[in-house]
1. Could you tell me how many degrees, from 0 to 90 and to the nearest 10, lie between the Cα long axis of helix 90-112 and the main elongation axis, the longest principal axis, of the Cα atoms of the chain?
2. Pull up all non-local amide H partners of A113: gap of 5 or more, or a different chain, and H-to-H distance under 5 Å with H placed in the peptide plane.
3. Quantify, in whole percent, the carbon and sulfur part of the accessible surface of the chain (1.4 Å probe; protein heavy atoms only).
4. Rounded to the nearest whole Å², what accessible area per residue is found for region 1-107 with the 1.4 Å probe?
5. Once phi is turned into ³J(HN,Hα) by the Karplus curve 6.51 cos²θ - 1.76 cosθ + 1.60 with θ = phi - 60°, what whole-Hz value does each residue of region 15-26 show in order, with x for glycine and proline?
6. If amide hydrogens are placed 1.01 Å from N in the peptide plane, which non-local residues have theirs closer than 5 Å to the one on D46?
7. Which whole-Hz ³J(HN,Hα) couplings does region 158-175 yield from phi under the Karplus relation 6.51 cos²θ - 1.76 cosθ + 1.60, θ = phi - 60°, glycine and proline marked x?
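The values are calculated or read from the model by the stated rules, or taken from the named source; none is laboratory data. Computed from a predicted structure; not experimentally measured. Note: accessible area is taken over every heavy atom of the protein model, side chains too, but ligands, DNA and RNA are not part of it. Shrake-Rupley method; radii C 1.70, N 1.55, O 1.52, S 1.80 Å.
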Amino acid sequence: MGRGDRAFARALYGSPRLMLIDLVSQPGPPSGEALALYDMVRREGDVVLAQVYLPGVYGGRGAYVWGKAAPLRDAEGSVFGALEIIRDITEQKEAEKALRLSEARLRSVVSNAPVLIFEIDDTGVFRLTEGRGLESLGLQPGALVTSSAADLFGGEAGVQSCLDRAIANEPVQFTASIGRHVFETFL
């Protein structure tokens, strides 16, 4: 308290440097040094928001933090200081990273599976088409999105009723031909 030369930054970064609270008095969007120092920094009105990794906190374990800095105003509305709030978001960042890795693994499995994996909406239109089974039909992943599942099966007898039952949340299994290929289909 009461020390200058950005001493408050030493506790978090190990050296004096620009802090979020310093940006409150700077007009316009954050630029230059601020953009280089923070993972994310932006201004919303007179409030500045940021995210950054602090390697020196928690005895060197480090932490991701979210910060918000706002001007302090007196009764007449004049700025007489600023307030910065910092919240540890390490668990959130780690959960986001784990989710991204999990999604990448799942996408790899789905994309490389020797099957045709699809999702249809409640009207029978494809919303997702993946899997190496598409190659046997000469198609790329996603090529069938926005087309009708019934059209893919070429109006084969009984397919529409199977699709209707699946759309009504009934598990359905059937064999269907697409060109010269036969697919065991589970909906």
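1. 20
2. Amide H to amide H, under 5 Å and 5 or more residues apart or across chains, A113 pairs with R132.
3. Solvent-exposed carbon and sulfur of the chain make up 54 percent of the total.
4. 67
5. These are the phi-based 3J(HN,Hα) values: 7, x, 7, 4, 10, 4, 4, 5, 6, 4, 7, 8 Hz.
6. none
7. x, 5, 4, 5, 5, 4, 4, 5, 5, 4, 8, 6, 9, x, 9, 9, 7, 9
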